[in-house]
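Reviewing the structure listed below.
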Amino acid sequence: MDWAARRRALVEALAESDRIDDERVLTAIESVPRHEFVPEQHRERAYDDRPLPIGDGQTISAPHMVAIMADLLELAPDDRVLEIGTGCGYHAAVTAELADTVYSVEYHATLAETARERLANLGYDTVAIRAGDGRGGWPEHAPYDRAYLTCGPVRFPRAVVEQLRPGGVVLGPLGRRPQTLVRARKRADGELEREHHGSVRFVTMQ
């Protein structure tokens, strides 16, 4: 299987969709071997632009959604990023291609351990993972420049917002399914300025 060719074809399709403004995001998608994050029984479909099951009732997000979220976050090379919902680690790997460090919290201990091993084997040593309830964020490494959620809560968890620096951005799917993709910038007074970016379907936050 020529995985690199299939990955290039995926990136070309994403580029033609005109939904991604930052060329670095497309480069990041092309750099990360998505097939390494997909279970063996689904690997032939690794470069289909769709979510796929990864176990424990969770999915790996569709590449276009990972790209859109990375684009909306406007990641900088020196950013410290908090991810809520590691899953298989694919989204964290894409983020790590664009930012300095990624701290990721995964509710399912088995997924956290598998993702940690996979990312280490692929050389993503700037991604740290712990198992736990993502609603509490990861306070030891705060403040964060950016934070995002790969699962859908009703609202942004308070702890995640508190751990974001003033001027930082948080992004995630909020509400009941279908959710609304919301980007919010934290003001100096701690309040959020929100933008809505369409209807999406994510796994509900546990």
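Data overview
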item	result
So Ala93, is it under 17 Å from the mean Cα position of the chain (by Cα), part of a helix (DSSP H, G or I) and in contact (Cβ under 8 Å) with a residue 24 or more places away in the chain	yes
Qualifying residue in region 135-148 (condition: at positive phi, out of contact with any Leu (no Cβ under 8 Å at 6 or more places or on another chain) and surrounded by fewer than 23 Cβ atoms within 10 Å (Cβ to Cβ))	no
Lone unmet requirement of (1) outside any helix (DSSP H, G or I); (2) polar (S, T, N, Q); (3) without any contact (Cβ under 8 Å) to a residue 12 or more places away in the chain for Thr86	(3)
Of residues in region 45-67 being free of Cβ contacts under 8 Å to residues at least 24 places away in the same chain and out of contact with any His (no Cβ under 6 Å at 6 or more places or on another chain), the one surrounded by the fewest Cβ atoms within 10 Å (Cβ to Cβ)	Arg45
Index of the failed condition, Gln179 passing every other in (1) under 25 Å from Phe37 (Cβ atoms); (2) over 15 Å from the mean Cα position of the chain (by Cα); (3) at pLDDT 95 or above	(3)
Residues within region 147-168 that are more than 19 Å from Ser199 (Cα to Cα) and not in a helix (DSSP H, G or I), tallied	8
Qualifying position, being within 26 Å of Ala9 (Cβ to Cβ), crowded, with 23+ Cβ neighbours inside 10 Å, of a type outside the set (Lys, Arg) and touching a Ser or Thr at 6+ places or on another chain (Cβ under 7 Å), among Ala70, Ala93	Ala70
Search result, residues across region 38-58 that are modelled with pLDDT of 90 or more and part of a strand (DSSP E or B)	Leu52, Pro53, Ile54
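The values are calculated or read from the model by the stated rules, or taken from the named source; none is laboratory data. Every value quoted in this text rests on a predicted model; they were computed, and no experiment measured them. All Cβ positions, even for glycine, are placed from backbone atoms using ideal geometry, and neighbour counts span all protein chains on display.
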